[in-house]
Amino acid sequence: MVHVERVLRQDRKFLPRYSELAYVGRHFEDLLQRDLPCAESQLKLMVHSTGEVGGCWGHDASANVRDTSIAEILSAQSYREEHAQFFRKECVGCGSNYALNLAWRPRTYVEDAMWRLGRRRLSPSVAS
């Protein structure tokens with residue numbers, strides 16, 4: 001990480017954001033990072049080849065478009081409650097689409113700005 005951070009400080013335009021690099025560094029210790037909401041589950045609707053409708057790949061679908069219209073499924077209270085749980089990562093969890101999840105957390109933009117000002121570090125041994 002020390003080398004990556006030095007390169008980032010020299011020219012950031014083609015490299016990931018500070019918050020993305022920090023996420024990756026924590027990923028191997030805490031795969032789910034439940035403090036980050038799951039944005040992907042809120043933006044996508046998975047309709048499997050069997051007609052089952054789920055929030056993500058790890059979700060056991062409880063509705064099927066062969067029996068119920070998508071509009072009815074999406075407007076059901078049970079569907080909304082289930083997706084609120086996905087947003088809070090009360091699910092099997094995964095590391096899917098971390099950049100999107102970070103984009104939904106305004107604090108990451110502040111952390112990126114603080115890094116650019118030299119007030120955050122990926123590694124404690126890196127000089128500003």
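Some points to look at:
- Selection within segment 31-58 - outside any loop (DSSP other than H, G, I, E, B) and more than 11 Å from the chain's Cα centre (by Cα): Leu43, Met46, Val47, Glu52, Val53, Gly54
- Residue pairs whose Cβ atoms lie under 6 Å apart, separated by 6 or more positions or on different chains, with the first residue in segment 1-25 and over 14 Å from Arg120 (Cα atoms) and hydroxyl-bearing (Ser, Thr, Tyr) and the second open to solvent by less than 60 Å² (accessible area, probe 1.4 Å) and modelled with pLDDT of 70 or more, do not occur.
- Where a residue in segment 45-74 is farther than 13 Å from Val92 by Cβ and its partner, wherever it lies, is of a type in the set (Ser, Thr, Tyr), with Cβ under 6 Å and at least six apart: Ile73/Tyr79
- Trp115 meets the conditions (1) over 14 Å from the mean Cα position of the chain (by Cα); (2) of a type in the set (A, V, I, L, M, F, W, C); (3) over 30 Å from His3 (Cβ atoms); (4) surrounded by 16 or more Cβ atoms within 10 Å (Cβ to Cβ) in every case but one. The failed one is (3).
- Within segment 83-93, considering residues that are open to solvent by 40 Å² or more (accessible area, probe 1.4 Å) and either more than 12 Å from Cys38 (Cβ to Cβ) or in a loop (DSSP other than H, G, I, E, B) (or both), the one modelled with the lowest pLDDT: Val92
The values are calculated or read from the model by the stated rules, or taken from the named source; none is laboratory data. Nothing here was measured: the structure is a model prediction, and the numbers come from that model. Cβ: placed from backbone, ideal geometry, glycine included. Neighbour counts: every protein chain shown. For the accessible areas, the whole protein counts, side chains as well, though only heavy atoms, and no ligand, DNA or RNA atoms are used. Shrake-Rupley method; radii C 1.70, N 1.55, O 1.52, S 1.80 Å.
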